[in-house]
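Down below is the structure, laid out as structure tokens.
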Amino acid sequence: MNDQIWWWVLGASLVAFLTKLAGYLVPGEWLERPRVRLTMTATTIGLLSALIWLNALENDGALRVDARLAALLAALVALKLRAPFLVVVLVGAATAAVLRQFGLG
Amino acid sequence: MSVAIATGLYGISFGALSLSAGLGLWQTQALSALMFTGGSQFAFIGTVAAGGAEAFAAASLLGVRNAVYGAEIKALFQPRGAAVPLHAHFTIDESVATAFAQQVSADQRRGFWTAGLGVFALWNLFTLLGALAGSRMGDPAAWGLDGAAVAAFCGLLWPRLNSRNAWLIAGIAAAVSVLSVPWVAPGVPILLAALVAAAVSQVLGPSGPPESRQPDDGSGA
């Protein structure tokens, strides 16, 4: 990756900080409004869900089913079984790695 | 301190996955030290393949709830002057949750700073360890690191799926983003997801008892 990304790293970090700061500066009542809270919660859920499925299925501008989808399903099983975060991540890695060893995606 | 330790372990995942996403050691460390909010950091590295602007947008969108945290901590501690930006930087899921778990005011402050500083130190340390491991790993695909990234996002979302509406929004956002991939530029699907999620939530309205805070189970997002 080239140095261009640095600007985005720093820029995104600055925005993250300013967002935190905004909470201290804007009138609390505005952020407490139910509609605002609802939107924020929903946006977080929608973004995370999209990140999951896009990272599982997207490849170079197209959709592709491969070992990543298997990793997703394995992770869901691990979560249902109440595995801690690190275990879930390792399950995802192991699933993808093992499948690839067998030449499957 | 157990909150800090549990959260620090996420750092290893982040560090390694950041490297496999193509970022360098310093960029990875910068995210953990300067951005310092797990969900946004994972969103950044999860999107950066589509471009820097897309990563910027995804990370920024995922960070908006920290503004709500800021308002809550402001109501609690009322920091003044230079203390404000200092509090702001350490305003994350864990420090806020720890502060609100305490009854007495002095304990709340101690809780906020113990969790905030503790998580910061361990998060950055483990990011470094993960990044060093990631940089030595060779082919990320062979190690299944992309599968690990998908699993990590599942782990971050899971605690939030606490209502039927949450599942609905997650499902609709996923469908919209995935189906749009062949039709739009890279990075757009994720923004569509955010838009659709926000829109759908207005239609659905709140579901059940008001959600006070993200669950404190060390999800670190």
Just counting partner chain Cβ atoms within 10 Å, what average do the residues of peptide B:10-17 show around their Cβ? 2
Here the FRET efficiency for B:Leu132 versus B:Gln202, based on Cβ atoms and R0 = 30 Å and rounded to 0.05, is 0.10
Once you have the Cα-Cα distance between B:Ala142 and B:Leu25, take 0.36 nm times their residue separation minus that, and quote the gain in nm to one decimal. 40.1 nm
Just name one of B:Ile92, B:Ala185, B:Ile12: the one whose Cα is farthest towards the positive end of the charge dipole of chain B (beta-carbon charges, Lys/Arg +1, Asp/Glu -1). B:Ile92
Describe numerically, in nm with one decimal, the distance between label points set 7 Å from Cα along Cα→Cβ at B:Val84 and at A:Arg82. 4.4
Residues of B:130-142, mean number of Cβ from any other protein chain within 10 Å of their own Cβ, rounded to a whole number? 1
The alpha-carbon center of region A:73-99 and that of region A:1-45 are separated, in whole Å, by 30
How far, in degrees from 0 to 90, does helix A:67-80 lean away from the longest principal axis of the Cα atoms of chain A, to the nearest 10? 70
Average beta carbon contacts from partner chains per residue of B:21-30, 10 Å cutoff: 3
Can you list the chymotrypsin sites (Phe, Trp or Tyr not before Pro) in region A:26-105 that are in a DSSP coil and have 16 or fewer other beta carbons within 10 angstrom? A:Phe102
Length gained if B:Ala121 through B:Val184 is fully extended, taking 0.36 nm per residue and subtracting the Cα-Cα distance, is 18.7 nm
Could you tell me how many degrees, from 0 to 90 and to the nearest 10, lie between the Cα long axis of helix A:4-25 and the main elongation axis, the longest principal axis, of the Cα atoms of chain A? 50
What helices does chain B hold that run 30 Å or longer along their axis, going by alpha-carbon atoms, with a Kyte-Doolittle average of 0.0 or more, using DSSP H for the helix calls? B:105-135
Neighbour-count order for B:Val181, A:Val26, fewest beta carbons within 10 angstrom listed first: A:Val26, B:Val181
At a Förster distance of 25 Å, what's the computed FRET efficiency of A:Glu29 paired with B:Ser105, Cβ-Cβ distance as r, to 0.05? 0.65
Roughly how many Å is it from the Cα centre of region B:13-34 to that of region B:161-187, as a whole number? 26
Enumerate by residue number the trypsin sites (Lys or Arg not before Pro) in region A:34-105 meeting two conditions: DSSP loop (anything except H, G, I, E, B), and at most 16 other Cβ atoms within 10 Å of the site's Cβ. A:Arg64, A:Arg82
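A short reminder: the numbers here are calculations on the coordinates, not readings from a lab. Owing to the predicted nature of the structure, the values given are computational and were not obtained by experimental measurement. Every residue, glycine as well, gets a Cβ built from its backbone with ideal geometry; the counts of neighbours run over all protein chains shown.
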